Ligand code: NAP
């Protein structure tokens, strides 16, 4: 039996990169995964692979998080309530990089898009899904951070600022939920990883010098599994985490 047997886990940005690897891994560990992402064809490929290789029952939710507001977030809750009645895990993974330019010339529309996808959408989704996350005795929310969310660097603009906000949201929510619910909230900075986002950010870098998303999966599973019950308000990074 897998470490996530019968858990229902929502993953955003599930069609590619780290979110794809997490979705496939969670399903292999027995979870029914809800795959949220903006490109339907990518989600369908992940869905097909999960159905081919596991006995679990994934659901795809093609949706551009740029368009998430209270109304659409509450529609998700209503749909999930009908389908599952509870949610055991929520991995906020989807993010956009935005332009790498100085603040002085940063385009305002791009700034707002990055903040919407990276900060406001996780806030809205969390708020809407909290009633379902409170249904099981224990649940886990994981926010995805970055090194530039702990130490700002030139030209990382809205992306860096959004990751500082992600760390802040993790701390506030973890503290709010710690004593009154069984929901644990943590942030995870995967560090440099072989994905298309990393290639856009560092075009001259040799991707083969980087760990793959699959290399990080023991930590992603740990945070969703019962092994991490009682662990909250912490910052995780695969390079400094030791299993067990
Ligand atoms: P990625 O390869 O670009 O994958 C991101 C996924 O998010 C894609 O499937 C993308 O959909 C989806 N997505 C983006 N915008 C979306 C939107 N508006 N609505 C719905 N889905 C959307 O990125 P990654 O490298 O796997 O990054 C995953 C997470 O790790 C991010 O939060 C990132 O900030 C963080 N991170 C990554 C690294 C790294 O080195 N890779 C380092 C530190 C932190 P499409 O496939 O349709 O584009």
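The values are calculated or read from the model by the stated rules, or taken from the named source; none is laboratory data. If you're wondering where the values come from, they're calculated on a predicted model, not measured in any experiment. Glycine also receives a Cβ, built like all others from the backbone with ideal geometry; neighbour counts cover every protein chain displayed.
A few remarks follow.
- All conditions in (1) buried (at least 20 other Cβ atoms within 10 Å of the Cβ); (2) within 15 Å of the chain's Cα centre (by Cα) hold for residue 183, with the sole exception of (2).
- Of the residues 171, 176, the single one that is away from the ligand (no atom under 12 Å from the Cβ), touching a strand residue (DSSP E or B) at 6+ places or on another chain (Cβ under 9 Å) and free of Cβ contacts under 8 Å to residues at least 40 places away in the same chain is 176.
- The condition of being touching a strand residue (DSSP E or B) at 6+ places or on another chain (Cβ under 7 Å), within 13 Å of the ligand (Cβ to nearest atom) and either closer than 21 Å to residue 115 by Cβ or part of a helix (DSSP H, G or I) (or both) holds for only one of 143, 164, that being 143.
- Segment 99-135 - residue that is in contact (Cβ under 8 Å) with a residue 60 or more places away in the chain and in a helix (DSSP H, G or I) and, of those, nearest to residue 81 (Cα to Cα): 129
- Selection of segment 60-98 for residues being more than 13 Å from the ligand (Cβ to nearest atom), without any contact (Cβ under 8 Å) to a residue 40 or more places away in the chain and either within 28 Å of residue 137 (Cβ to Cβ) or in a loop (DSSP other than H, G, I, E, B) (or both) yields 75, 78, 79, 82, 83.
- The sole residue among 53, 25 that is within 16 Å of the ligand (Cβ to nearest atom) and either closer than 26 Å to residue 138 by Cα or at pLDDT 95 or above (or both) is 25.
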